[in-house]
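Encoded as structure tokens, the structure appears first; notes follow it.
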Amino acid sequence: MYALTLIIHSILLWILIQGACIAQERDTLSFYHSKSGYVFYHNPQIEIQAARFVNPAPGFINQVTVALGGFKIGGTARLRIFGHEGGGPAPVQEEDLIEPIILRKSKAGFEQVVVTIPEHPFVPNNQFFIALDQLDSGVTFLSDNVVKEPFCSSGNDDFYFQLLKENGAWKWEKLSFAVDVVMDYPTVIPEKQMSNVSAAVGIGDTIQSNRSLAWADVDKNGYLDLLWDGRLYLNREGEQFEDVSKSYGLKGTPSANLFADINNDGLIDILFIGSRDSADQRSYLFVGNESQKFTRVDLNLPMIKNPTSFSVADIDRDGYLDLFVGQAGQDTCSDFLLLNDKALGFVDVSARLRPNSLYAGLRSYGSQFIDLDRDGDQDLYIARRYPEHSILLYNDGEGLFTDNTGSGSLHELGAGAGGDWKDFDNDGDLDLLYPRLIHPYLRKYRGAGGSSIYVGSENEEKHFSEKRLPAGTEEIIYEERHAGGSWGDVDNDGLLDAFFGTFGDCRFAELYTQKADYTFRLSTFEYGLHWSSGGEDGIWVDYDNDGDLDLCVIEWNSLRIYKNPGDGGHHSYVEIDPIQESGAVDVGATVTVYAGNLRVTRDVTMGRGILMGDPPRLHYGLGLERSIDSTVVKWSNGLSETFSDVQPNAINRLVQGSTGGLKEAVDASISATPNPFRDQLHIYYTTPQAGRIQVKIYNQTGTLIQTLVDAEMAPGNHSVVWEGEDESGTKVPAGVYIYRLVLQDGEVNGRAVLTR
């Protein structure tokens, strides 16, 4: 772990002492001691001299005052302003926020040159740089004479306030250049500040063995429990967490840990992957039972030395969850694909991955099972570190994977870390939040892109495009050490927001909230996360069941839960547990909520990004909508059900078959065309055996509109036409309607849009 030597806890106080107070709209930033005397640097090899500024809040640069020395009247220097610069300790990118300004001395000796900055560039993050270059031989850039400790130190990074570029390389000095910056702050106090409540809810402060997190409701009390560092913390109604590891039979120091119902009995099991114990390198399964104890089973897996990701899904559609483990190893292929043997064990089928053309790399840093092409089976995304490329492997339905990374534009993914697939723009297609760990020199000299969003296309199968935000909106700011990224609707407005964590203790997280036009604004300060590193990855989880997503991360070697204060109920929400008949959460299910003009889709995934076990409970912000029209669940076995009684502002447990849905997969089907339709909807259905069947039309609230067929039918293919009318023959209004085939042993459903 990185060693943190200087202290984020005292940052704001330190800045206040230096004169950077955010209690007013306009303040002056100064990091030098004006009474210490001045020095300057003689080395003619110095190309640029830069002062690093720590910005306590997002603000506009209004005015810069630079202290210059030298006896040349009329001597000049060039003023440049660099922004966040990837979050590094020096402005390696040298990306100008303004057109450089020529400064001119008007007198000999000491002079303070005051410059009003045109257009007042906005600095949304927590650092920027004021730099001088092209100094005349008779002009010097002055600094104070007080040696300072670094603002922060982590690994090889020392964040000082004075930087010099010499012979093409940046180095630091321990003094500070004599520069004042007048800032205008549009926001003086965070509006929705999230606070760290880890200690208050009784969770230990220091991580000891691994970097993985997982959430699930182990004891079935309705509250999500935490698995962290090989320890199980039961959630006591959102007020306290109790470490029950010993009494529940957990033992060992795993390299990674996650929740998963491996034997499909409706009880949560725990996987310990790898081990930090030098005497016992095995992986273990802890099998849950009704007595809330766990029985340990030796998994007899290959040795897993350095897991960097895990994901579970039923890849061969046999009803049992399978496992992918990614590693950053030194073997030809260090990742593992493990098939559930239905007897509390796994079979190593990793060879299925190796034939793929882009799978020769060694460094996996994130994974996720998702149904990318919406064909009903689980595909595999693997994030890879430089120089490898991240890849997509498409499932043929039987657990055999084909490399289709080159489809669309995803072959340009390049190196990444973590990632999260969700439908951010509410069009029904999965989109990728893609963090990139890109060195500044790769970006500057080779054009390597920073973190981005890849948007799924409705029109072309397996096609994705990198999202380019419209002019005038904030791009995702380049950060050299972006690690994991996760989607979550932090403000419950029905639109997913984007969170990026960072590698390293002196780098800081970013939270982008989504606006109604599907663009984003940086809101880290607004939510009180301005000085959070975010860690390698994070999980959005409603740990206290108040309807607001809280943030769980591991940063600075400790677990943090940042509680979301919410907006006082201004926005509605709904949370859904999709449950199989066995009682197990249906990993792989897709659930769409319809509420007024909102259509919001979420997928149940388990194991994402860099060792993150997201809760299987689905969270939906509903914005200003106060009721839910309908909820459609496409179960992992391919069947669909429509629920009309889902309640907003509550946790809803949706059990497969509870609406009269099919108890098991049968050869029944129903479809309709054209869709959307204006006058007539032609409905085609197949019945597998003779018997009484019904074809019915419902609206989104579950109200029966018309029964089209109610008769004994022979097996085979049939059709019927709906004229867009109710039982009385009255034309129904435009909207979304459910067509349903009801058989003796269940039902199948479809959805059509009526236009007028």
For this session: Report PHE401's accessible area, 1.4 Å probe, all protein chains in place, as a number in Å² to the nearest 10.
Result: 20
Problem set entry | Net charge dipole size for the range 600-676 [Lys, Arg +1 and Asp, Glu -1 on Cβ; Debye, nearest 20] | 220
Problem set entry | Ranked order, ILE651, ILE273 - accessible area, probe 1.4 Å, largest first | ILE651, ILE273
Problem set entry | Residues of type aspartates and glutamates that LYS174 reaches as a straight line, Cα spacing below 18 Å, ignoring anything fewer than 8 places off in the same chain | ASP144, GLU149, ASP157, ASP158, GLU166
Exercise. In what order, largest first, do MET713, MET303, MET194 sit by accessible area if the probe radius is 1.4 Å?
Worked result: MET303, MET713, MET194
Seminar exercise, completed: Summed over the other residues with a beta carbon less than 13 angstrom from that of TYR32, with K and R at +1 and D and E at -1, the charge totals +1
Exercise. Hey, what's the chain come to in accessible area per residue, 1.4 Å probe, Å²?
Worked result: 38
For this session: Place the peptides 522-535, 561-574 in order of packing, highest mean first, counting for every residue the other Cβ atoms within 10 Å and averaging per peptide.
Result: 522-535, 561-574
For this session: Taking the Cα centre of the chain as origin, work out the dipole magnitude from +1 charges on Lys and Arg Cβ and -1 charges on Asp and Glu Cβ, in debye rounded to 20.
Result: 2400
For this session: Just need the relative contact order of the range 35-121 here, percent rounded to a whole number, with Cα pairs under 8 Å and 6+ apart.
Result: 37
For this session: Quote the charge dipole size of the range 111-220 about the Cα centre in Debye, to the nearest 20; the model charges only the Cβ of Lys and Arg (+1) and of Asp and Glu (-1).
Result: 400
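Sum up the charges of everything whose Cβ sits under 9 Å from the Cβ of CYS152, counting Lys and Arg as +1 and Asp and Glu as -1, but leave CYS152 out.
Numbers: positive: none; negative: ASP157, ASP158, ASP505.
Every neighbour counted, the sum reads -3.
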Problem set entry | Qualifying GluC sites (Glu not before Pro) in the range 693-731, DSSP loop, other Cβ atoms within 10 Å at most 10 | GLU727
Exercise. Under a Cβ-Cβ cut-off of 9 Å, what is the net charge of the residues other than ILE576 that fall near it, where Lys and Arg count +1 and Asp and Glu count -1?
Worked result: +1
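Of LYS634/LYS696; LYS107/LYS165; LYS35/LYS148; LYS563/LYS634, which sit over 21 Å apart, Cα to Cα?
Violating the 21 Å Cα-Cα cut-off are LYS107/LYS165; LYS563/LYS634.
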Problem set entry | Whole-percent carbon and sulfur share, accessible surface of the chain, 1.4 Å | 48
Seminar exercise, completed: Packing-ranked peptide list from 605-612, 221-228, highest mean Cβ count within 10 angstrom first, is 605-612, 221-228
For this session: Kindly work out what percent of the DSSP beta bridges joining two residues of the chain are antiparallel, to the nearest 5.
Result: 95
Exercise. What are the semi-axes of the equivalent ellipsoid for the chain, taken as the square roots of 5 times the Cα gyration tensor eigenvalues, largest first, in whole Å?
Worked result: 53, 30, 23
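Run the numbers on the chain and let me know its relative contact order in percent, using alpha-carbon pairs under 8 Å that are six or more apart. Present the calculation step by step, with values, prior to reporting the outcome.
Details: 2131 pairs, mean separation 72.3, N = 756.
Reported as a whole number, the value is 10 percent.
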Exercise. Given a 1.4 Å probe and the protein chains all in place, what does the accessible area of GLU536 round to, in Å² to the nearest 10?
Worked result: 40
For this session: For a quick protection proxy, order the peptides 43-56, 336-349, 627-640 by their average other-Cβ count within 10 Å, most packed first.
Result: 627-640, 43-56, 336-349
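The values are calculated or read from the model by the stated rules, or taken from the named source; none is laboratory data. Note that the structure is predicted; figures quoted are calculated from it, not measured. Every residue, glycine as well, gets a Cβ built from its backbone with ideal geometry; the counts of neighbours run over all protein chains shown. To get the accessible areas, we keep the full protein, side chains included, count just its heavy atoms, and leave off ligands, DNA and RNA. Shrake-Rupley method; radii C 1.70, N 1.55, O 1.52, S 1.80 Å.
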